[in-house]
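Have a look at the structure below, then the notes.
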Amino acid sequence: MSAQHETSAIITANDLGVRFRRNRGSRRSFKDLFSSKRRKSQSGEFWALRDVSFSVQPGEAIGVVGRNGQGKSTLLKLVAGVLLPDEGKVKVHGGVAPLIELTGGFAGDLTVRDNIHLTAGLHGLTRKEIADRFDAIVDFAESADVLDTPFKHLSSGMKVRVAFAVVSQLDEPVLLVDEVLAVGDKAFRNKCYRRIDELLAEGRTLFLVSHNERDLRRFCTRGLYLDGGQLKFDGPVEEALDRYNTDHNS
């Protein structure tokens with residue numbers, strides 16, 4: 001990529017690699033800490049992502065395409081900063097509003113009310129900004145009746161409602177969404193769709209992981225097709241979906 005193109009990018013990923021062990025009980029040896037990251041994988045290790053590079057311009061809507069276990073959610077966690085790469089690096093110019101796990105960033109023992117204040121505050125909103133947006137968050141989530149209920153006692157659908165309502169009110173320039181739109185009733189999904197349309201119209205950048213091709217086609221103009229932990233295609237989302245379907249439906 002050109003230097004000018006990389007400089008203007010809101011997200012830049014260079015040679016990203018993430019290595020996991022299949023045996024969770026095993027640990028890396030002291031010697032491993034000083035060995036080359038480019039070394040051959042040891043027994044029991046696998047690369048969830050390897051040699052992944054791309055850049056994203058402000059306002060782009062990116063759909064991440066691929067089967068389960070091919071590195072899609074891992075990639076979003078790298079962009080969100082909740083996972084560090086074993087190889088390469090990723091830079092995000094500005095904050096991210098992550099909706100990548102149902103309970104990500106929410107404390108189960110705290111009430112819905114307290115979680116709204118906590119999560120919004122951790123993302124940089126002032127007390128006044130939270131107060132100004134509090135009613136909009138509650139109205140969007142339709143959660144007025146559960147404000148004083150511990151988050152862990154909510155249904156999975158209500159957890160998504162609250163999480164999306166909070167995240168969509170943040171000022172972060174990048175919105176990360178991982179499959180959560182598949183949860184909940186049709187009316188609420190349509191409300192989420194309209195909110196995403198509003199955010200894109202404001203110039204936000206969207207990273208969307210979904211197995212719903214209609215969602216990918218609706219919101220995204222560009223697709224990253226991951227297979228075997230590698231970036232197989234980066235281009236128009238329609239072509240990314242065509243390649244995915246050709247590879248796995250033939």
- Message: Out of everything in the stretch 128-171 that is closer than 14 Å to LYS191 by Cα and aromatic (Phe, Trp, Tyr), what residue ends up being modelled with the lowest pLDDT?
- Response: PHE164
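For (1) touching a helix residue (DSSP H, G or I) at 6+ places or on another chain (Cβ under 8 Å); (2) of a type in the set (Phe, Trp, Tyr); (3) under 19 Å from ASP171 (Cβ atoms); (4) not in a helix (DSSP H, G or I), each residue gets a yes or a no:
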position: HIS117; (1), (2), (3), (4): yes, no, yes, no
position: GLY124; (1), (2), (3), (4): no, no, yes, yes
position: ASP135; (1), (2), (3), (4): no, no, yes, no
position: VAL138; (1), (2), (3), (4): yes, no, yes, no
position: LYS152; (1), (2), (3), (4): no, no, no, no
- Residues of the stretch 127-155 satisfying the condition of being closer than 19 Å to GLY108 by Cα and exposed (fewer than 12 other Cβ atoms within 10 Å of the Cβ): ALA144, ASP145, ASP148, SER155
- Task: Filter the stretch 200-225 down to residues that are of a type in the set (A, V, I, L, M), touching a residue at least 12 places away in the same chain (Cβ under 8 Å) and more than 17 Å from GLU238 (Cβ to Cβ), then give me how many there are.
- Result: 2
- Task: Determine whether LEU208 is touching a Leu at 6+ places or on another chain (Cβ under 7 Å) and among the aliphatic types (A, V, I, L, M).
- Result: yes
- Of the residues that make up the stretch 89-100, is at least one loosely packed, with under 14 Cβ neighbours inside 10 Å, at pLDDT below 90 and more than 29 Å from SER143 (Cα to Cα)? yes
- Given the conditions (1) closer than 30 Å to ALA9 by Cβ; (2) in contact (Cβ under 8 Å) with a residue 40 or more places away in the chain; (3) in a loop (DSSP other than H, G, I, E, B); (4) not small (Gly, Ala, Ser), and given that VAL82 satisfies all but one, which numbered condition is not satisfied? (2)
- Query: Taking the stretch 53-76 as the region of interest, how many residues are touching a strand residue (DSSP E or B) at 6+ places or on another chain (Cβ under 7 Å) and either free of Cβ contacts under 8 Å to residues at least 40 places away in the same chain or part of a strand (DSSP E or B) (or both)?
  - Reply: 9
- Test ARG194 against the criterion of being among the basic types (Lys, Arg), without any contact (Cβ under 8 Å) to a residue 40 or more places away in the chain and in contact with a Ser or Thr (Cβ under 9 Å, 6 or more places away or on another chain), and give yes or no. no
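Quick grid of which residues meet (1) closer than 21 Å to ASN68 by Cβ; (2) in contact with a strand residue (DSSP E or B) (Cβ under 8 Å, 6 or more places away or on another chain):
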position: ASP145; (1), (2): no, no
position: PHE164; (1), (2): no, yes
position: GLN169; (1), (2): no, no
position: ARG204; (1), (2): no, yes
position: PHE219; (1), (2): yes, yes
position: GLY223; (1), (2): yes, yes
position: LEU226; (1), (2): yes, yes
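From the list THR103, THR111, which residue is out of contact with any strand residue (DSSP E or B) (no Cβ under 7 Å at 6 or more places or on another chain), hydroxyl-bearing (Ser, Thr, Tyr) and either modelled with pLDDT of 85 or more or surrounded by 14 or more Cβ atoms within 10 Å (Cβ to Cβ) (or both)?
Being out of contact with any strand residue (DSSP E or B) (no Cβ under 7 Å at 6 or more places or on another chain), hydroxyl-bearing (Ser, Thr, Tyr) and either modelled with pLDDT of 85 or more or surrounded by 14 or more Cβ atoms within 10 Å (Cβ to Cβ) (or both) holds for just one of THR103, THR111, which is THR103.
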- Message: Just to be sure before I move on: is GLY223 out of contact with any helix residue (DSSP H, G or I) (no Cβ under 7 Å at 6 or more places or on another chain) and either of a type outside the set (D, E, K, R) or surrounded by fewer than 16 Cβ atoms within 10 Å (Cβ to Cβ) (or both) in the structure I sent?
- Response: no
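The values are calculated or read from the model by the stated rules, or taken from the named source; none is laboratory data. This one's a predicted model, so the numbers in the text were calculated from it and none came from an experiment. When we count neighbours, we look across all protein chains shown, and the Cβ atoms used for this are built from the backbone with ideal geometry, even at glycine.
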